[in-house]
Amino acid sequence: MLIGEVAKLSDVSKDTVRLYTQKGLIICSQKRAGSRLYADYDPSIVELIKGIRITQSLGFTLTELKPLAEEYVAGRLSTKKGRAVLKEKLKEIEKKQRQ
């Protein structure tokens, strides 16, 4: 998929897709069309981007999300681990609120 289609299906801007790619949260391959190279994204990236947006809204930074995104793409992110990470973030947020 080209970046425009990924952005549209993910409900984000092309700049957001580029940022996530630059930060290593998502990966793409290079696709040649004539003399130009285009970023080519796997369709599964759409769900990953939606997940990144949700976790960002919960207070996660892109730096915090990178290892989780890598585990997700590799198929190693279990539900148990995901819950544990969310619980830790909730504790962090509650601590900040008390301060």
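Where a number appears in this text, it was derived from the coordinates with a stated rule and is not lab data. Nothing here was measured: the structure is a model prediction, and the numbers come from that model. We place every Cβ from the backbone using ideal geometry, glycine too, and count neighbours over all the protein chains shown.
Taken residue by residue, the range 33-44 has at least one member that is under 17 Å from LEU2 (Cβ atoms), of a type in the set (Asp, Glu) and surrounded by 10 or more Cβ atoms within 10 Å (Cβ to Cβ). Scanning the range 1-52 for residues that are assigned to a helix (DSSP H, G or I), within 15 Å of GLU70 (Cβ to Cβ), of a type in the set (Ser, Thr, Tyr) and without any contact (Cβ under 8 Å) to a residue 40 or more places away in the chain turns up just one, THR21.
The set of residues from the range 71-84 being closer than 18 Å to LYS23 by Cβ, in a helix (DSSP H, G or I) and without any contact (Cβ under 8 Å) to a residue 40 or more places away in the chain comprises GLU71, TYR72.
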